[in-house]
Ligand code: NAD
Ligand code: ZN
Ligand code: ZN
C-alpha cells in the first residue's frame, strides 16, 4: 500500500514520543499489514520509552502491543487471511519455532523471539506489519477497543494465573490492580478462584471489589502478609502485576505452605531487586515462577474468555496525540483500568 501514516515515535532514548508522518510499511513474505483501530497503553510501553529495561528497545521505536485492527495487505506466502479480517497483535511478534523451548510449547521464552513495539514497530500508528503466524484472529463482531487490552493484559495475566496451578475454590492474591491487575481479577473469578486484591490505591481496590474480589488490602495502610496469614492462613497462589519491589517480596510472604507465586510485573532499573526469606521458601516448599506474556494457545484461550463476556477491560479512549500525558498519568499511578488509543 502506498502513502503515509501518522505514528508516535521515539528516535532517541529518554525523549518523549513525537507524532510524525511516516511511509506506510510494506508486508513482506509471511507478514500482513494491519490498519490499526485501537491500541491499549501497557506499562511495558512506558518502561520501553523510559529505558527501564536492559537491553533497551530498537530505535527508532514505535511502541504498542495491544493492537486490534483489520488486514489491509497480505504478504507473499500468507494463507488463511482475507483483506478486512479483524485481527489482534500481541507482544510476542514472533518466535523461531525451532529451538528447544519452542519445541516444548514454551515459545514465550524463545531466545530468538521478536517483540511488537520493542524490537519491531508496534501499534501506536495508523498501520503496522505483523507476522501472520502470531496474530489472533477476531470475529467481525468483536469490539476492537474492548478487545485490545486482552492482547497483552489479558493473555499475560491468564497465563500467570495458569502457571500458579491454583485450582477452583482456592485463594488467589493479585498484587497491583492496574491495567493488568483489574483484568487478572476477572480471569481468576472466571476460573473459579477466590480473589484477594492488593494495591496502594483505594479507587483501584473498589474496582477490584466490583469485579468480584472477596477481600481487598491497601498495602499503604495494612501489611498484606500479616493480614492474609491471619485471616485465611495464607493464599494458595499469588500473581504480581505491581511495579514496586515490595509487592514481589510480600507476594512470597502471603503464600500458605506449598503455594506458588507468578511474577509478571517488570519494574526494571533500580527496582529490579528483592530480599526474601530462604527458610520460608525451603520449609514451606514454595514455588516462585516468572510468567512472560503468553503462547498462541494462551492468547486464543484468553480472547475466548473476553468474547464470551467473562472478562471485560474497563477502558477509556484517547487520541494518539495524548500519549505523553497518558504516560505521565501512568507514572503517577493515576490510571484506573486501561487507556486505549483510538487510532481509526
Ligand atoms: P499499571 O500502571 O496499569 O498498574 C500497576 C499497578 O500497580 C497500579 O494499580 C499501582 O497502583 C499498583 N502498585 C504500585 N505500587 C504497588 C505496591 N507497592 N503494591 C501493590 N500495588 C502497587 O501497569 P500495567 O500495565 O498493569 O503493568 C504492570 C507491570 O506488568 C509493568 O511492570 C509491566 O511492564 C508488566 N508487564 C509484564 C508482562 C509480562 O509478560 N511479564 C506483560 C505486560 C506487562
Ligand atoms: Zn503489555
Ligand atoms: Zn524458539
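The table for this structure:
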| item | result |
| --- | --- |
| Helix-derived mean residue ellipticity, 222 nm - over the chain, DSSP H n ≥ 4, -39500 (n - 2.57), to 500 | -7500 deg cm²/dmol |
| Calculated on alpha-carbon atoms, Rg and Dmax of the range 156-290 in Å | 13.1, 37 |
| Packing-based exposure ordering (other Cβ within 10 Å, fewest first) of 339, 92 | 339, 92 |
| Alpha-carbon centroids, the range 297-331 and the range 13-38: separation in whole Å | 19 |
| Degrees separating the helix 296-307 axis from the principal Cα axis of the chain, which is the longest one | 80 |
| Residues 110, 152, 42 arranged by fewest to most Cβ contacts within 10 Å | 110, 42, 152 |
| Alpha-carbon centroid distance for the pair the range 246-285 / the range 147-198, whole angstrom | 17 |
| Shape box of the chain [Cα atoms, principal axes, largest first, Å] | 64, 40, 36 |
| Share, in percent, of DSSP beta bridges within the chain that are antiparallel, nearest 5 | 55 |
| Length gained when the stretch residue 22-residue 304 is fully extended (0.36 nm per residue, less Cα-Cα span) | 98.1 nm |
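Quick note: the coordinates plus some simple rules give every number you see, no bench work behind them. Values in this document were obtained by computation on a predicted structure and should not be read as measured data. FYI the Cβ positions are ideal-geometry reconstructions off the backbone, even for glycines, and counts take in every protein chain you see.
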